[in-house]
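The values are calculated or read from the model by the stated rules, or taken from the named source; none is laboratory data. These numbers were taken from a predicted model, which means no experiment stands behind them. Backbone-built Cβ (ideal geometry, glycine too); neighbour counts: all protein chains shown. To get the accessible areas, we keep the full protein, side chains included, count just its heavy atoms, and leave off ligands, DNA and RNA. Shrake-Rupley method; radii C 1.70, N 1.55, O 1.52, S 1.80 Å.
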Amino acid sequence: QWPSQLAHRNLAAVLLQQGRRTEAVEHLRAAADYGPLPRYALGVALFDEGRSAEAIVELQRAIDESPNDPTVALEGRRVLGRALAQQQRHREAADVFAHIAALTPDDVAPRLSRADELRAAGDLAAAHDEYQRILAAQPDNSGAQTNDGLTLLRLGRVSEALPLLRSVAEREPRNTAAFMNLASAAAAAGRVDEATAAICHILAEDPRDRSAQEFLADLRRAAAAARVRVPDCPAR
């Protein structure tokens with residue numbers, strides 16, 4: 001009866017609560033021309049519906065229209081960065097997370113996201129530098145340690161990667177992925193005993209872990225070819 005931004009946004013809110021996203025998006029689209037805040041809401045709804053390419057357009061326009069609005073400028077960029085990452089536009093996503101990091105200097109999360117996007121873009125040296133800045137402030141940040149270690153492995157700097165990945169595994173004994181990463185780094189460094197111990201740790205937790213079983217088999221084959229003995233896992 002009385003179409004307005006508020007009417008469309010209120011109806012969209014109820015539709016979203018009911019999980020009727022497609023209908024909600026159409027009402028948010030009707031409200032979007034009223035200003036950057038409803039356009040931001042439209043972008044978020046599109047992203048939540050899996051329509052990241054459309055979300056990018058709306059979120060970028062909302063930010064351009066209101067670059068200093070605390071909700072649009074910050075929360076809008078958070079969603080924009082994730083949407084760009086989903087579209088594999090990793091360099092652009094890294095730039096967005098850099099902007100967020102400048103707005104929130106005490107928050108490590110956007111800096112870690114920036115480093116991850118640089119890594120995904122193939123800029124391994126820049127990613128490593130960013131991880132190192134994070135670790136200078138938070139030496140036990142598991143995400144930064146893990147991804148920096150994996151980045152160093154890709155750079156062929158195995159001796160630097162190994163202590164980072166070892167630290168995560170030692171701190172998180174139930175983290176299977178951490179021990180698999182450690183095993184990969186140890187094997188690359190020629191530390192067969194340490195690689196085996198890491199895999200045996202996984203198998204002690206779950207003897208049916210297929211990835212660990214296959215890794216151990218590959219390790220034994222490679223060691224046999226090099227005439228290196230692989231120790232057996234200790235009996236449980």
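Of the three principal axes defined by the Cα atoms of region 40-125, the extents in descending order read 36, 27, 18 Å. Between Ser4 and Asn68, the FRET efficiency from the beta-carbon distance, with R0 = 22 Å, is close to 0.30. Residues in region 86-236 average 54 Å² of solvent-accessible surface per residue, probe 1.4 Å, ligands and nucleic acids excluded. Label sites at Ala226 and Asp33, each approximated as a point 7 angstrom past Cα along Cα to Cβ, lie 6.8 nm apart. In this structure Thr22 has an accessible area near 80 Å², from a 1.4 Å probe over the protein heavy atoms. Sequence-ordered 3J(HN,Hα) estimates for region 163-171 from the Karplus curve with 6.51, -1.76 and 1.60 and θ = phi - 60° stand at x, 5, 6, 5, 4, 5, 5, 5, 7 Hz, glycine and proline given as x. Given +1 at the Cβ of Lys and Arg, -1 at the Cβ of Asp and Glu and no other charges, the dipole of region 1-93 around its Cα centre is 220 debye to the nearest 20. Taking 0.36 nm per residue of sequence separation and removing the Cα-Cα distance, the Glu26/Ala109 pair yields an extension gain of 26.6 nm. Measuring r between the beta carbons of Glu75 and Asn175 and using R0 = 25 Å, the FRET efficiency lands at 0.25. Per atom type, region 182-236 shows carbon and sulfur on 49% of its accessible surface, probed at 1.4 Å.
Here Val108 sits with roughly 20 square angstrom of accessible surface, probe radius 1.4 Å.
Compared with the rule-of-thumb size 2.2 N^0.38 Å for a compact globular protein, region 71-223 has a Cα radius of gyration ratio of 1.16. For trypsin sites (Lys or Arg not before Pro), the sites in region 183-223 that DSSP calls loop and that have at most 15 other Cβ atoms within 10 Å are Arg208.
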